[in-house]
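Okay, structure first, notes after.
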Amino acid sequence: MPAPWQGLEMTSGLDLTWRYRPDSMIERREAGRRWCPGRSRSNLRARLATLGEPSILLFNPEQGSWRSIGSIRQSKKADARRWKADSIEWKEGKGEVDVQYGDGGPGLEKFYYSNTAPSRDESRAAAPGQVVPSLEVFVRQSLNQPPVLFASSGIRELALWNPNPQLAKLDMGTAEAYEWTDQDGRAIKGVLFKPSDWTPGRRYPLVIEARSYHQDRFFVDGTYPTAVAARAMVEDGMLVLQAGEPAMREKDMFVGATARALEGYEAAIRKLSAAGMIDPARVGIIGFSRTCDNVLYAIAKRPNLFAAATSANGLTYGPMQYLSAVDESLDPRLLEQFERHYGGKPLGSGLQQWVSENAVFQAAHVQTPLRVETHDPEFGAQILTDWEPFAALRSLDKPVDLIVLPYATHVVSMPSDLEESQQGDVDWFRFWLQGYEDPDNTKAEQYRRWERLCHVEKALRPGEPSSCVETKK
């Protein structure tokens, strides 16, 4: 394994480390630091020519090229003791780079740089008052512009690296900031995704992602990738609303938050329906992590509001999750959150409040088909937590499906888990909102399950519109 590259941040003098990757990429390890002041964090990668030895590299934005200032020395096997470069420091305004080696090494080495070329000759350093080109490296993106790595010297700006040029060839729909107010006048913000062939006046199915949002960041899937594939859904003819929640004080976060979130979802549906953009009978909702509680509460309190729902690896705030969190070292505040949420414990005098508000106890009211997705490795009791709403609905013969991803992390990352989590949800909502079944034969078994659930759902909602497929066409 070659030694790491040593990089240098020109604007603040922070030391950086670039390490070789098996795919010939070099990855910047941030160790909690930012690339430039005022810029968002990101894991930056750059294709750099292999110089054969650890080197200090300087980027020239005018020429659009990287160049080596000098090699970084390190101990050899024959040396009595191991040593390496301990630090690299950029003397901003002086055109000087200092490399400090550890004990046994050559001590301090200086490299100089003015407006011409790097050198070990101090006479080549920047003269007093001479402007040394500064370098700012940043990521530029927006709701509809994928991230691209840029460099700027203040004189010229240059695109360094577009990690996903293939996205320019894809129809990915459009996204726009969207705002609405609930019945109490509270302002709510989110992001609305539309198909690329959006037709005004046509009423589309809607899927709500009940999660925080970013109105200045490009998304392929959602705020988090678990269970959400926004761009894929819109290109399959649905709208997706990444819905925030009404602003609230932190101390009120777990007091009545689910009820306020539900009012926000209802208000968004009313506004989009009044504008002729959606079909209110074909609305789905996705909860992940904390917002699973919002979704489960919503389908229990408003049985006819949603045509389908997903609860993915989340906090259900049910009695089983409360009991499994006793002596939980992961977050000692979890029990306090539960008790603030319901005004007490699910035992003794506090039980009645849980019975009236918690979705598990309200499962008899649920009519909405629910997809429960659970992952186990990060939380030992997580599968019990997600089993709780599934088992409650299953015991009542409600339309519910359980998907177990045994090796998936909370925020899904492995490709196989991503495919099941995201494509599975695309299939789920297309089935319930559009009456569509993918002809892929490998999915036949899932559609047989869902067709049986469709029969159950129609029995729960006699005479109401339904888009699901009850029998195989």
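No lab work stands behind these numbers, since they all come straight from the coordinates. Remember, it's a predicted structure, so these values are computed and weren't measured experimentally. Ideal geometry is used to build each Cβ from the backbone, glycine not excepted, and the neighbour counts take in all protein chains shown.
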Cα centroid separation - the range 255-287 against the range 154-194, whole Å: 21
Pairwise FRET efficiency - Ile155 versus Ala281, Cβ, R0 = 45 Å, nearest 0.05: 0.20
Packing-based ranking, highest mean first, of 176-184, 224-232, 305-313 given that Cβ atoms within 10 Å are counted: 305-313, 224-232, 176-184
The range 309-323-the range 348-371 distance, computed between alpha-carbon centres (Å): 12
Cα centre as origin, Lys/Arg/Asp/Glu Cβ charges: the range 131-203 dipole, Debye: 160
Ranking of Asp376, Asp397, Asp425, Asp327 by count of other Cβ atoms within 10 Å, fewest first: Asp327, Asp397, Asp376, Asp425
Förster radius 45 Å - calculated FRET efficiency between Ser87 and Glu339 (Cβ-Cβ, nearest 0.05): 0.35
GluC sites (Glu not before Pro) restricted to DSSP loop in the range 342-423 with at most 10 other C-beta within 10 Å: none
Thr471/Lys301 FRET efficiency (R0 30 Å; Cβ-Cβ; nearest 0.05): 0.40
Inter-site label distance for Lys443 and His214 at 7 Å from Cα along Cβ, in nm: 2.9
Among 385-396, 156-167, the order from most to least packed when residues are scored by Cβ within 10 Å on average: 385-396, 156-167
Amide hydrogen neighbours beyond the local backbone of Glu245, cut-off 5 Å, H modeled: Lys189
